[in-house]
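First the structure, in the form of structure tokens, and then the observations on it.
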Amino acid sequence: MSILQKLKYYKEIQKKSFALLIDPDNVSELDCIELLHLAESAAVDFLFIGGSLITGNNLGRIVEICKSNTQIPVVLFPGSSLHIDTEADAILFLSLISGRNPDFLIGQHILAAPILKRSRLEILPTGYMLVDTGKQTTVSFISNTTPIPYDKPDVAACIAMAGEMLGLQIIYMDGGSGAEKPISPQMISAVRKAIETPLIVGGGINSPEKVQIALKAGADVIVVGNAIEKDSGLILKITQTIKEFNT
């Protein structure tokens with residue numbers, strides 16, 4: 001079963017998932033191995049590898065370590081066409097549909113397409129929606145786009161609908177790394193009701209309670225990265241919360 005098929009199947013049976021986000025700039029090789037052992041024992045569903053700004057040359061090595069130390073699917077979460085490693089399992093082919101910067105709507109994709117076409121990576125066409133969660137994040141600065149206002153769930157719903165109608169297979173709502181607060185349950189719920197595609201939600205989720213709120217609102221996949229860099233024990237707490245939600 002492909003990753004996209006798995007995401008769609010999980011949504012159909014209402015099984016929630018957890019994706020651990022690993023930023024190659026923020027982990028050493030030893031840190032990464034430790035995280036992977038925790039992720040494997042806790043039965044994390046997906047590994048997302050990447051970030052808005054990768055300043056080092058560690059991406060390939062982190063992907064290699066992930067592939068060597070776990071059976072969990074490794075999915076690239078790229079900030080640009082430079083953030084590609086063909087040894088991963090899949091790539092979130094992100095179109096920043098909440099913004100109006102053509103480079104992140106289609107420009108970077110044109111540069112990446114020939115490389116991806118020759119690779120074995122599973123391509124996951126994803127509508128990426130950046131939401132204002134209290135402060136400017138790296139992704140809003142780098143992409144030169146204005147996030148969706150925090151209190152405008154109707155706007156978010158319309159953007160998600162348009163992305164789905166354009167053929168995007170996944171919608172990813174993100175508050176960005178280091179978000180001050182998570183996306184509101186009202187916005188998650190509005191988007192969930194507006195679309196049929198799997199819905200990924202990340203940013204500002206740093207406790208089991210916030211995981212529970214996002215799941216109840218309609219998120220299919222919860223993404224946590226920054227908070228786990230500070231407290232790796234959250235991996236088990238989050239997977240336990242999702243497991244309880246699924247029973």
Failed item, numbered, when GLY163 is tested on (1) in contact with a Gly (Cβ under 7 Å, 6 or more places away or on another chain); (2) buried (at least 24 other Cβ atoms within 10 Å of the Cβ); (3) under 22 Å from PHE18 (Cβ atoms)
(3)
Taking the range 52-68 and keeping residues buried (at least 18 other Cβ atoms within 10 Å of the Cβ) and either on the phi > 0 side of the Ramachandran plot or β-branched (Val, Ile, Thr) (or both) leaves ILE54, ILE62, VAL63, ILE65
Got at least one residue in the range 28-38 being outside any helix (DSSP H, G or I) and either touching a residue at least 24 places away in the same chain (Cβ under 8 Å) or buried (at least 18 other Cβ atoms within 10 Å of the Cβ) (or both)?
no
Restricting to the range 180-206, give me the number of residues that are among the small types (Gly, Ala, Ser), farther than 16 Å from LYS16 by Cα and free of Cβ contacts under 8 Å to residues at least 60 places away in the same chain.
3
Give the residues of the range 184-241 that are at pLDDT below 95, among the small types (Gly, Ala, Ser) and part of a helix (DSSP H, G or I), sorted by residue number.
ALA227
Among the residues of the range 69-84, are any assigned to a helix (DSSP H, G or I), buried (at least 16 other Cβ atoms within 10 Å of the Cβ) and in contact (Cβ under 8 Å) with a residue 60 or more places away in the chain?
no
What number of residues within the range 166-183 are at pLDDT 95 or above, touching a Ser or Thr at 6+ places or on another chain (Cβ under 7 Å) and surrounded by fewer than 18 Cβ atoms within 10 Å (Cβ to Cβ)?
1
Quick check: is even one residue across the range 49-66 at pLDDT 95 or above, among the acidic types (Asp, Glu), out of contact with any Lys or Arg (no Cβ under 8 Å at 6 or more places or on another chain) and under 20 Å from VAL224 (Cβ atoms)?
no
With the requirement that a residue be acidic (Asp, Glu) and either in contact with a Ser or Thr (Cβ under 6 Å, 6 or more places away or on another chain) or surrounded by 18 or more Cβ atoms within 10 Å (Cβ to Cβ) (or both), what does the range 10-24 give you?
ASP23
THR133 passes all but one of the listed conditions (1) at pLDDT 95 or above; (2) touching a Pro at 6+ places or on another chain (Cβ under 9 Å); (3) more than 19 Å from LYS11 (Cβ to Cβ); the exception is number (1)
So for the range 92-107 (the condition being polar (S, T, N, Q) and either within 20 Å of ASP25 (Cβ to Cβ) or touching a residue at least 60 places away in the same chain (Cβ under 8 Å) (or both)), does at least one residue qualify?
yes
So in the range 108-141, with the set limited to residues that are assigned to a helix (DSSP H, G or I) and buried (at least 22 other Cβ atoms within 10 Å of the Cβ), which one is farthest from the chain's Cα centre (by Cα)?
GLN108
Would you check if ALA157 is assigned to a loop (DSSP other than H, G, I, E, B) and in contact (Cβ under 8 Å) with a residue 12 or more places away in the chain?
no
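The values are calculated or read from the model by the stated rules, or taken from the named source; none is laboratory data. Since the structure is predicted, the reported quantities are computational estimates derived from the model, not experimental observations. Cβ atoms come from the backbone with ideal geometry, glycine included; neighbour counts cover every protein chain shown.
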